[in-house]
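*Asks:* This is the structure I have questions about; it appears just below.
The values are calculated or read from the model by the stated rules, or taken from the named source; none is laboratory data. Quick caveat, the model's predicted, so the values are computed rather than measured. As a convention, Cβ positions derive from the backbone with ideal geometry for all residues, glycine included, and neighbour counts pool all protein chains shown. Accessible surface areas use protein heavy atoms only, side chains included; no ligands, DNA or RNA. Shrake-Rupley method; radii C 1.70, N 1.55, O 1.52, S 1.80 Å.
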Amino acid sequence: MGGPFKLPPLLYDMGALEPYIDAMTMKVHHGGHHATYVSKLNDAIKGKGELESMKLVDLSQTAIKMGPAVRNNCGGHYNHTLFWTYMAPKGSSITKPTGNLQAAIDKNFGSFDQFQTAFNNACAGVFGSGWVWLGVAEDGRLSIETTANQDNPLMDGVVLSQNTATGDRVPGTNGRKIIPFMGQDVWEHAYYLKYQNRKTEYFAAWWNVVNWNKICEYYDQYASKKLYIPVA
Amino acid sequence: MAAMAATSAASLAVSTPAGFLSSSSSVLDGGQRGAGAGAGTAVIVQQQRRSRHVALRAVASPRAEFELPPPPYELDALEPHMSKNTLEFHWGKHHRAYVDNLNKQIAGTEEERYSLEEVVLKSYNNGTPTPLFNNAGQIWNHTFFWESMKPAGGGAPKGKLLQLINRDFGSFDEFKTQFKAAGATQFGSGWAWLVIKPSLEEWIAQRQTGSDEPVKDKDGNIAKSLAVVKTPNAVTPVVWGDVPLLTMDVWEHAYYLDYQNRRPAYMDVFLDQLVNWDAVEARLEAALSTVNLTQQTFTS
């Protein structure tokens, strides 16, 4: 493929997240959906001068202004590139946050369990396609927010945490601009082959493969310092 | 009373496919409940809303809960193009959940006495939807979707529908291209539609000519009436006053088990193997005849 962006390889085998996420889903999600976002993003910025040389984090912030082709595919590429890193085979990572992130979660949600419940509720509360994020708000507090389709909180002008029809606040969210450092894909393609309509089962199972080592690192090195997580 | 009944009947633009036309009472008395009643198949033309609201109240009877009508074929009847597995989840779980959830939402409220279309329109709330809208819209859309398909479907439309497609799209192939483009570019979840987008004057004018010659609008351009539209999530073009003729679900749950990320392949199969053109033609005929009745009512 041409252009500056490339599909990053997974850091684990397709089947490494079984039985929580099946190998076929990983294959189609990474090699189909994510690969398509990359190639379409490259098409969208081709010959567009400045856009071609922007880092993904910077392109993301202007993505909505740049029109749907850039918005959807830049969002898709950024979101998925980090998504694979939020996960790791069960047993290869600590099972809960430690250190600064643990303290922040306890402070903002009361406990890890309460955070998990709030996050799962937000996942269940998204209507249609989108993402659910944990991030740092401007005042330094943690907040759970959602975005529709392949939008993310980096995008200037993005709609946060609203039901796609009613505009009601998604349960458990605050509608605050955040620096996301953990995210969950709630598009049906993320779980349909194994879970079909049983999405709450997927949301519950997903915690088994969350890579808290990495997420603590993202919090310490970037989000708590008000920096977006960079990707290649 | 006869005039009142005529107004109420005429006020509903019927988009019921051929298989459901026999249950005439389900349309005329506004009844949309009960198994097989084709819930969600009466479409309301926006311009007639004022008289319709009054008329429907006069003939509406008390209701309790919405039911989930089965598709007009067995769940395995669309194999191999759309698997039984998919139908079992899509109809048996997703569509059923929208019905169950709407029933919970309307329990003890005035919406218990509404038809599905009334809930859809009221909850759309002129563009600031209420919490009922996602469920009501999705119930309507899915029923319309099952009725838009049939075993050994596909092929091509004929008669008046084909004439209008040729007139408004240039050719059937061009319609298919635009329809698939709508489905492909509806990013995320949603629907692609073939609709009638008339202005009332153009519709009446065409009916009065009784011919298929193109009607000109006030600028002298051929008044196109058919259009392809796409909607996100639960939105249905009924809320804008369009008359739907055909829909294709492009939520991932509609095709993922059979096609995974290959939405274009699914759309090709939908058009080539599944579309129930008889139903689409019947919906067109119903829309044409309804406007004619309205015309008569207004002039009497």
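*Asks:* Return the FRET efficiency for the residue pair A:VAL57, A:ALA23: r is the Cβ-Cβ distance, R0 is 30 Å, and the value is rounded to the nearest 0.05.
*Replies:* E between A:VAL57 and A:ALA23, to the nearest 0.05, is 0.45.
*Asks:* Could you give the nm distance between label points at B:ASP76 and B:LEU162, where each point is 7 Å from its Cα heading toward the beta carbon?
*Replies:* A separation of 3.4 nm, rounded to one decimal place.
*Asks:* Which length gain, in nm to one decimal place, applies between A:LYS48 and A:GLN114 when the Cα-Cα distance is subtracted from 0.36 nm times their residue separation?
*Replies:* So the extension gain works out to 19.2 nm.
*Asks:* Using only the Cα atoms of the stretch A:5-156, build the gyration tensor, take square roots of its eigenvalues as a ≥ b ≥ c, and label the shape rounded, prolate or oblate: rounded if a/c is under 1.5, else prolate if a/b is larger than b/c, else oblate.
*Replies:* Cα axes put the stretch A:5-156 in the oblate bin.
*Asks:* For the stretch A:99-225, just say rounded, prolate or oblate: build the C-alpha gyration tensor, square-root its eigenvalues into a ≥ b ≥ c, call rounded for a/c under 1.5, and beyond that prolate if a/b exceeds b/c, oblate if not.
*Replies:* oblate
*Asks:* Using a 1.4 angstrom probe with every protein chain in place, what is the largest-first accessible-area order of A:GLU52, B:GLU147?
*Replies:* Sorted by accessible area, descending: A:GLU52, B:GLU147.
*Asks:* Rounded to the nearest 100 Å², what is the buried accessible area between B and A, both sides summed, probe 1.4 Å?
*Replies:* By this definition, chains B and A bury close to 2100 Å².
*Asks:* In units of 2.2 N^0.38 Å, what is the alpha-carbon radius of gyration of the stretch A:23-86?
*Replies:* 1.13
*Asks:* Another question, then. How much of the accessible area of chain A, probe 1.4 Å, is carbon plus sulfur, in whole percent?
*Replies:* 51 percent
*Asks:* How many times 2.2 N^0.38 Å is the alpha carbon radius of gyration of the stretch B:148-195?
*Replies:* 1.25
*Asks:* For the stretch A:23-86, what does the relative contact order come out to in percent, with C-alpha contacts under 8 Å and a separation of six or more?
*Replies:* Rounded, it is 37 percent for the stretch A:23-86.
*Asks:* Between A:LYS177 and A:LYS225, what is 0.36 nm times their sequence separation minus the Cα-Cα distance? Round to one decimal in nm.
*Replies:* 15.8 nm
*Asks:* What does the accessible area of A:THR117 come to, in Å² to the nearest 10, when a probe of 1.4 Å is used?
*Replies:* 80 Å²
*Asks:* Spin-label point model (7 Å from Cα, Cβ direction): what's the B:LYS104 to A:TRP207 distance in nm?
*Replies:* Going by the 7 Å Cα→Cβ label model, 2.1 nm.
*Asks:* Further question on the same structure: What does DSSP give for the stretch A:99-225 in terms of the percent of beta bridges that are antiparallel, rounded to the nearest 5?
*Replies:* DSSP beta bridges in the stretch A:99-225 are roughly 100 percent antiparallel.
*Asks:* Keeping all protein chains in place, calculate the accessible area per residue for the stretch A:99-225 (probe 1.4 angstrom), answer in Å².
*Replies:* In whole numbers, the stretch A:99-225 has 34 Å² accessible per residue.
*Asks:* Run the numbers for A:THR98 and A:TYR12: contour at 0.36 nm per residue of separation, minus the present Cα-Cα distance, in nm.
*Replies:* Extra length available between A:THR98 and A:TYR12 comes to 28.6 nm.
*Asks:* Could you grab the relative contact order for the stretch A:112-232? Cα pairs under 8 Å, six or more apart, rounded to a whole percent.
*Replies:* RCO, the stretch A:112-232: 27 percent.
*Asks:* Something else about it: Rounded to the nearest Å, what's the spacing between the alpha carbon centres of the stretch A:163-210 and the stretch B:82-98? Just the number, please.
*Replies:* Using only Cα atoms, the two centres lie 21 Å from each other.
*Asks:* Right, something else. For the pair B:GLU88/B:ALA181, report the inter-label distance in nm, with labels modelled 7 Å from Cα in the Cβ direction.
*Replies:* That separation, rounded to one decimal, is 4.0 nm.
*Asks:* Let me ask something else. Over chain A, what relative contact order in percent results from Cα pairs under 8 Å that are six or more residues apart?
*Replies:* 24 percent
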